[in-house]
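This report refers to the structure that appears directly beneath it.
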Amino acid sequence: MSIYLYTGEGGGKTTNALGLALRSLGHGHKVVIIQFLKWWKNTGEYKFQKFKGISNYYKIYQFGRKGWHGFKKLTKKDRELTENALNFAQEIVKKEKPKLLILDEINLVVYLKLLDEEQVINTIKQIQKSNKRMDIVLTGRHATKGLVNLSDYVNKISMIKMPKKLESKKGIQY
């Protein structure tokens, strides 16, 4: 199966991954999403799992410290949470056997050196071996060369234009 990578400074990396999740769900496939560095449960993708009957097909797990702290204020706890998320990804794939695994913000985690690039690549390869029919999506800014080389499809999302005052709309940005 394939690895898809979405990176770049523009918005929509997670949204692209969620579009793939929607398509996969439409075909009756299981989807598992692991969100690195994310904690907020008021997002549409998080709330979606509560719809009746969807929990057999769609699971989302968050591994982030509550609140936005910025990249210069990362702590040992952030490293711990990302390590837990990567280990959890290996275990949940064995248990749930999804058709699609999304590792949301994994690119950023590697860039920020919360996880070692080689460790992440080796884990992804192990995950692939444990479920050969599963596609994997990697998202986040600043994808490293190793993650780009590992991936079969790489998309760079750039910002061409945006309003001066950024508005965050329920159902669009979250």
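The values are calculated or read from the model by the stated rules, or taken from the named source; none is laboratory data. Bear in mind the structure is a predicted one, so any value in this text is a computation, not a measurement. Neighbour counts are summed over all protein chains in view; Cβ atoms, including those assigned to glycine, are modelled from backbone coordinates with ideal geometry.
The requirement of being touching a helix residue (DSSP H, G or I) at 6+ places or on another chain (Cβ under 9 Å), surrounded by 11 or more Cβ atoms within 10 Å (Cβ to Cβ), part of a helix (DSSP H, G or I) and at pLDDT 95 or above is fulfilled nowhere in the stretch 57-67; no residue meets it.
Go through Ile106, Ile127, Ile160 for me and flag whichever is of a type in the set (A, V, I, L, M), in contact with a strand residue (DSSP E or B) (Cβ under 6 Å, 6 or more places away or on another chain) and either on the phi < 0 side of the Ramachandran plot or at pLDDT below 95 (or both).
Details: Ile127 fails: in contact with a strand residue (DSSP E or B) (Cβ under 6 Å, 6 or more places away or on another chain); Ile160 fails: in contact with a strand residue (DSSP E or B) (Cβ under 6 Å, 6 or more places away or on another chain).
Criteria check complete, one pass: Ile106.
Scanning the stretch 24-74 for residues that are over 24 Å from Met134 (Cβ atoms), without any contact (Cβ under 8 Å) to a residue 24 or more places away in the chain and aromatic (Phe, Trp, Tyr) yields a single hit, Trp68.
Can you confirm whether the stretch 84-97 contains a residue that is closer than 17 Å to Leu37 by Cα, out of contact with any Ser or Thr (no Cβ under 9 Å at 6 or more places or on another chain) and free of Cβ contacts under 8 Å to residues at least 12 places away in the same chain? Give the steps one after another, and end with the answer.
Restricting attention to the stretch 84-97, the residues satisfying the condition of being closer than 17 Å to Leu37 by Cα are 84-89.
When the remaining residues are screened for being out of contact with any Ser or Thr (no Cβ under 9 Å at 6 or more places or on another chain), the result is 84-85, 88.
If we keep only those that are free of Cβ contacts under 8 Å to residues at least 12 places away in the same chain too, we end up with none.
Checked against the condition, which is being closer than 17 Å to Leu37 by Cα, out of contact with any Ser or Thr (no Cβ under 9 Å at 6 or more places or on another chain) and free of Cβ contacts under 8 Å to residues at least 12 places away in the same chain, the stretch 84-97 yields no hits at all.
Do you know which residues across the stretch 123-145 are polar (S, T, N, Q) and more than 13 Å from Ala89 (Cα to Cα)?
Here is the first cut: in the stretch 123-145, the ones polar (S, T, N, Q) are 123, 126, 128, 130-131, 139, 144.
Hits for the stretch 123-145 are Thr139, Thr144.
All conditions in (1) within 16 Å of the chain's Cα centre (by Cα); (2) in a loop (DSSP other than H, G, I, E, B); (3) modelled with pLDDT under 95 hold for Lys52, with the sole exception of (1). Among the candidates Lys77, Lys170, Lys161, Lys165, the residue that is closer than 20 Å to Trp39 by Cβ, over 16 Å from the mean Cα position of the chain (by Cα) and without any contact (Cβ under 8 Å) to a residue 24 or more places away in the chain is uniquely Lys77. Scanning the stretch 68-114 for residues that are surrounded by 19 or more Cβ atoms within 10 Å (Cβ to Cβ), closer than 16 Å to His142 by Cβ and out of contact with any His (no Cβ under 9 Å at 6 or more places or on another chain) turns up Thr82, Leu103, Asp104, Glu105, Ile106, Val109, Leu114. In the set (1) within 16 Å of the chain's Cα centre (by Cα); (2) in a helix (DSSP H, G or I); (3) of a type outside the set (Phe, Trp, Tyr), the condition left unmet by Lys72 is number (1).
Filtered by the rule that a residue be over 18 Å from Lys99 (Cα atoms) and among the polar types (S, T, N, Q), the stretch 16-66 gives Asn42, Thr43, Gln62.
Does Tyr4 qualify as being outside any loop (DSSP other than H, G, I, E, B), closer than 19 Å to Asp135 by Cβ and in contact with a Phe, Trp or Tyr (Cβ under 6 Å, 6 or more places away or on another chain)?
Numbers: outside any loop (DSSP other than H, G, I, E, B): yes; closer than 19 Å to Asp135 by Cβ: yes; in contact with a Phe, Trp or Tyr (Cβ under 6 Å, 6 or more places away or on another chain): yes.
So Tyr4 fits the description; yes.
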